[in-house]
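What follows is one structure encoded as structure tokens, with my remarks underneath.
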Amino acid sequence: MRAASLGKRHSKGMARRRISLPWLGRRRVKALSLSLLGVLTVITVYLFASYDFYVFDISVEGNEAVSSEEILEASGVEGYSIFFIDPQKVAKAVTSLPDVAEAEVRCRLPNRLSIKVRERQAYLIWLSGEESYYLDREGFVLSPRHQTSLSLTLKDLGGGSLRAGDRINPQILEATNIYSSLLPQVKGFDYSQTYGLAFTTEEGEKVHLGTGEDAQAKVALLYALKEQLKEKGIKAVVIDLRFDTPYYTVEG
């Protein structure tokens, strides 16, 4: 009985030791967690409050027509903590400039930011009334700063004023590009909602092309029709290629 009693006391003692160890462990874990939280708090405050991480050094690349000052102003990030800067939002803000087609923004710790842009290039001159505008291949109206010498013009017979950043229907520009490559001698096209694209030949014939659909076939048909008219001694005033069956009109 005594041996059994001693065994029981021994078992109880062992049980008490097993209960006390987790309690001591929880205290240590709690103390360690509080210490770690304090360290993280100090680090966080340092990262977000220290001027070491505020962006004052911004590099701009790829710009020619647009000044670096304009790009920096559009970015709106100078003097901000690098941890509060979203590169995608900055790129979107920079591409809101009429002459900027693309922007790539990169952040580097502790406080470096770079902006690389691709500017829009003038492709043709859009004539509307007494005004002229530079357009890129996508139909965007560029700022008046572009003073490039361009030979290709597109006259809007409907008129209407534009401003930098506006966009002409890109299908019109696409059709103009197609016909200018097929008809390199033509340096000026007209555009109207009724007839689409048109141009005037050296002989004074007004040629209505319409859209860019089947452009190659239309141009081939134009040359064939002009040859037939020449053989017959017919002077056409208007040649309309917009339909499946083209037609022409003569004076009188």
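Since every read-out is calculated from the coordinates, none of them should be taken as a lab result. Source: prediction; values computed, not measured. Reconstructed Cβ throughout: ideal geometry from the backbone, glycine too, with neighbour counts over all protein chains shown.
So if I check each of Thr194, Thr201, Thr245, which one is of a type in the set (Ser, Thr, Tyr) and touching a strand residue (DSSP E or B) at 6+ places or on another chain (Cβ under 8 Å)?
Working: Thr194 fails: touching a strand residue (DSSP E or B) at 6+ places or on another chain (Cβ under 8 Å); Thr245 fails: touching a strand residue (DSSP E or B) at 6+ places or on another chain (Cβ under 8 Å).
Within the list Thr194, Thr201, Thr245, the selection yields Thr201.
For Gly165, state whether it is under 23 Å from Pro98 (Cβ atoms), assigned to a loop (DSSP other than H, G, I, E, B) and of a type outside the set (Val, Ile, Thr).
On the way: under 23 Å from Pro98 (Cβ atoms): yes; assigned to a loop (DSSP other than H, G, I, E, B): yes; of a type outside the set (Val, Ile, Thr): yes.
The answer is yes for Gly165.
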What pairs come out if I take residues in segment 212-228 that are within 15 Å of Tyr248 (Cβ to Cβ) and without any contact (Cβ under 8 Å) to a residue 40 or more places away in the chain and pair them with residues that are assigned to a helix (DSSP H, G or I) and not small (Gly, Ala, Ser) whose C-beta lies under 9 Å away, six or more apart or interchain?
Lys218/Tyr179; Lys218/Leu182
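Does any residue of segment 76-91 turn out to be under 30 Å from Asp190 (Cα atoms) and of a type in the set (Gly, Ala, Ser)?
To start, the set of residues in segment 76-91 that are under 30 Å from Asp190 (Cα atoms) comprises none.
Scanning segment 76-91 turns up no residue that is under 30 Å from Asp190 (Cα atoms) and of a type in the set (Gly, Ala, Ser).
If you take the residues in segment 179-207 that are among the aliphatic types (A, V, I, L, M) and crowded, with 19+ Cβ neighbours inside 10 Å, which one is farthest from Ala122 (Cα to Cα)?
Taking segment 179-207 as the starting set, the residues that turn out to be among the aliphatic types (A, V, I, L, M) are 182-183, 186, 197-198, 207.
Narrowing further to those that are crowded, with 19+ Cβ neighbours inside 10 Å: 197-198, 207.
Working: Leu197: 20, Ala198: 22, Val207: 26 Å.
That would be Val207.
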Scanning segment 214-247 residue by residue, the ones that are touching a helix residue (DSSP H, G or I) at 6+ places or on another chain (Cβ under 9 Å) and within 22 Å of Gly158 (Cα to Cα) total 3
